[in-house]
Amino acid sequence: MKTDILIIGSGCAGLYMAMNLPRDKKITIITKKDVESSDSYLAQGGMCVLKNAADYDSFFEDTMKAGHYENDKTSVDIMIRSSREVLEDLLSYGADFHRNEDGSLDYTREGGHSDKRIVYHKDITGKEITRNILKEVQKLSNVQILEYTTMLDIISKDNKCYGAVVKNADDSITTIQAQVTVLACGGIGGLYRHSTNFRHLTGDALAVAIKHNVKLKDVDYIQIHPTTLYSEREEDRSFLISESVRGEGAHLLDKNMNRFVNELLPRDLLTAAIREQMEKDGTEFVWEDLRPIPKDELLAHFPNIVEHCKEMGYDVTKECIPVVPAQHYFMGGIDVNHQSKTSMDNLYAIGETACNGVHGKNRLASNSLLESLVFAKRAAVDMLKWIADARYIDNDKKSIASLTVEEVDLNQYKDTAKLEKEYKDMVLDVIEDFRRKRTEMDV
Ligand SMILES: Cc1cc2nc3c(=O)[nH]c(=O)nc-3n(C[C@H](O)[C@H](O)[C@H](O)COP(=O)(O)OP(=O)(O)OC[C@H]3O[C@@H](n4cnc5c(N)ncnc54)[C@H](O)[C@@H]3O)c2cc1C
């Protein structure tokens with residue numbers, strides 16, 4: 001199969017990129033599961049935006065502080081300055097965010113933010129954003145979405161990408177040849193026993209990057225979410241109790257039901273404090289009390305959390321819930337420039353898979369949907385320039401038309417279970433390697 005642009009992943013990053021590409025290009029989006037099984041659908045709290053010009057310095061500082069000042073300042077600046085444009089796009093697709101009585105946007109706050117600057121839709125903001133982008137993408141006749149289609153590898157020669165090897169819904173293994181390939185494969189939570197991520201997000205893009213010598217960055221920077229609902233059943237995906245619950249007033253309590261920490265600390269510091277308390281108390285969780293939030297507000301703002309807790313046997317309007325830290329977000333990833341271009345020609349990476357340094361060592365809450373969208377659009381714009389050049393070269397009968405996929409031995413991909421295991425080990429080894437080297441440098 002041949003396509004102009006191959007996007008691997010149908011989360012908010014991949015879908016929004018498709019919206020920003022020209023309608024005369026054939027775009028193919030593939031996704032490992034059904035189109036709604038992406039972490040973008042799970043995002044609860046909201047999406048940061050620059051509320052007004054006066055908030056710029058504080059938004060910038062909060063992002064840098066959460067990232068331990070290891071952030072790429074240009075990326076942070078781009079993200080903040082582009083936020084209103086992205087918000088306008090989302091509103092134009094029909095995304096609905098909570099509003100005040102006068103019709104203006106209502107903003108909420110989460111840990112690490114010194115002001116309210118997060119737009120939200122109940123506690124299912126990611127679903128509201130992504131389903132509206134998807135709805136628009138589905139109207140485009142130049143975009144096809146292939147579900148249950150897994151990228152097994154990329155095809156490269158001389159540091160240039162020519163597309164991917166995929167396992168199709170019928171289990172056949174074929175190639176998709178593309179002028180440009182985009183890795184939008186999300187995070188790595190599926191590699192961990194306890195994670196808030198979908199289990200099928202196993203860092204596949206990272207594995208192929210390692211295999212093809214594509215540059216990585218900060219892959220040892222992995223965020224743990226401080227508060228997920230504790231479950232004794234190990235096979236459960238950890239259910240997140242959003243930061244904005246604490247932003248709206250929920251308390252964290254030790255085994256004696258005493259508060260032990262400032263609940264609005266940045267995630268890494270709060271996680272450390274919770275773990276310390278669990279060790280001190282000899283418990284596998286701490287308690288979270290949502291009752292300080294007025295009941296009406298609790299039910300209206302967090303219906304999804306209230307409902308899920310009820311299903312798990314807890315009435316949050318009457319009792320505390322047990323919470324524990326779990327793997328949540330991947331700050332590092334495939335190294336990209338400010339246009340989301342990787343170190344390999346014709347290959348871009350966007351969303352959680354990519355690392356443009358915006359989050360530094362630790363992500364500020366609700367910056368990731370925004371970052372994914374801002375840098376997906378930038379990749380699309382950058383690619384347009386490139387494709388325009390390519391077409392010129394093509395017309396000139398010089399090179400691009402002769403993009404031929406080298407003979408690929410598809411037999412090597414037949415044992416997918418073995419391949420998955422190899423990829424998983426590869427990624428975990430590289431993470432460990434980065435960690436070890438950083439520790440050596442720090443010593
Ligand atoms: C529970 C939870 C709550 C969150 N809350 C917030 C929040 O309030 N605010 C915020 O800003 N961020 C939040 N986040 C983070 C945010 O949701 C993600 O960082 C963001 O949605 C990532 O988008 P993405 O498009 O990069 O990846 P995803 O949305 O995860 O999409 C990845 C896609 O890649 C596909 N894929 C993966 N591997 C392959 C392969 N080999 N072949 C084909 N397809 C593949 C998947 O099937 C999927 O379609 C939350 C995350 C979680 C898990």
| request: Inspect all residues belonging to the stretch 202-221 and state whether any of them is surrounded by fewer than 24 Cβ atoms within 10 Å (Cβ to Cβ), within 14 Å of the ligand (Cβ to nearest atom), under 15 Å from the mean Cα position of the chain (by Cα) and not hydroxyl-bearing (Ser, Thr, Tyr). | output: no
| query | Are any of the residues in the stretch 156-165 in the same structural domain as SER58 (by TED's automatic domain parsing), without any contact (Cβ under 8 Å) to a residue 12 or more places away in the chain and either crowded, with 20+ Cβ neighbours inside 10 Å or of a type in the set (Asp, Glu) (or both)? | reply | yes
| task | Only residues that are in a helix (DSSP H, G or I) and touching a Leu at 6+ places or on another chain (Cβ under 7 Å): list them for the stretch 349-372, please. | result | THR353
| query | Just wondering, is there one or more residues in the stretch 114-136 that are over 30 Å from THR63 (Cα atoms), more than 10 Å from the ligand (Cβ to nearest atom) and either over 19 Å from the mean Cα position of the chain (by Cα) or of a type in the set (Gly, Ala, Ser) (or both)? | reply | yes
| message | Conditions first: (1) hydrophobic (A, V, I, L, M, F, W, C); (2) within 19 Å of HIS194 (Cα to Cα); (3) touching a Phe, Trp or Tyr at 6+ places or on another chain (Cβ under 6 Å). ILE350 passes all but one, so which condition is the exception? | response | (2)
| What pairs come up if the first residue lies in the stretch 192-207 and is among the hydroxyl-bearing types (Ser, Thr, Tyr), the second is part of a loop (DSSP other than H, G, I, E, B) and near the ligand (Cβ under 9 Å from one of its atoms), and their beta carbons are under 8 Å apart, counting only those six or more places apart or on different chains? | SER195/ARG237; SER195/SER238; THR196/LEU42; THR196/ARG237; THR196/SER238; THR196/PHE239
| message | Any residue that is buried (at least 23 other Cβ atoms within 10 Å of the Cβ) and not in a helix (DSSP H, G or I) - is there at least one of those in the stretch 56-76? | response | yes
| message | Against the definition (in contact with a Leu (Cβ under 6 Å, 6 or more places away or on another chain), in the same structural domain as TYR69 (by TED's automatic domain parsing) and at pLDDT 85 or above), how does TYR423 come out, yes or no? | response | no
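Matching residues to (1) assigned to a loop (DSSP other than H, G, I, E, B); (2) closer than 14 Å to TYR348 by Cα; (3) of a type in the set (A, V, I, L, M, F, W, C):
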site: LEU15; (1), (2), (3): no, no, yes
site: LYS25; (1), (2), (3): yes, no, no
site: THR28; (1), (2), (3): no, no, no
site: ASP34; (1), (2), (3): yes, no, no
site: GLN44; (1), (2), (3): yes, no, no
| request: Write out, first by first residue and then by second, each pair whose Cβ atoms fall under 6 Å of each other, whose residues are 6+ apart or on separate chains, and whose first residue, in the stretch 356-367, is within 18 Å of LEU269 (Cα to Cα) and near the ligand (Cβ under 10 Å from one of its atoms) while the second is assigned to a loop (DSSP other than H, G, I, E, B) and of a type in the set (D, E, K, R). | output: ALA365/GLU110; SER366/GLU110
| note | Of the residues in the stretch 41-90, those that are without any contact (Cβ under 8 Å) to a residue 60 or more places away in the chain and either more than 24 Å from MET17 (Cα to Cα) or not assigned by TED's automatic domain parsing to the domain that holds SER372 (or both) number 9
| request: Could you pull out every one of the helices (runs of 4 or more DSSP H) wholly within the stretch 261-348 that has 2 or more residues that are within 30 Å of ASN71 (Cβ to Cβ) and of a type in the set (Val, Ile, Thr)? | output: 267-281
| query | Of all residues in the stretch 38-50 being more than 12 Å from the chain's Cα centre (by Cα) and more than 6 Å from the ligand (Cβ to nearest atom), which is surrounded by the fewest Cβ atoms within 10 Å (Cβ to Cβ)? | reply | LEU50
| In the stretch 248-260, is there at least one residue being closer than 25 Å to SER37 by Cβ and either away from the ligand (no atom under 11 Å from the Cβ) or surrounded by fewer than 17 Cβ atoms within 10 Å (Cβ to Cβ) (or both)? | no
| request: Answer yes or no as to whether GLN177 is polar (S, T, N, Q), surrounded by fewer than 23 Cβ atoms within 10 Å (Cβ to Cβ) and either in contact (Cβ under 8 Å) with a residue 60 or more places away in the chain or within 11 Å of the ligand (Cβ to nearest atom) (or both). | output: yes
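The values are calculated or read from the model by the stated rules, or taken from the named source; none is laboratory data. Predicted, not measured: the structure shown is a model, and the values here were computed from it. Please note: Cβ atoms are built from the backbone with ideal geometry, for glycine as well, and neighbour counts cover all protein chains shown.
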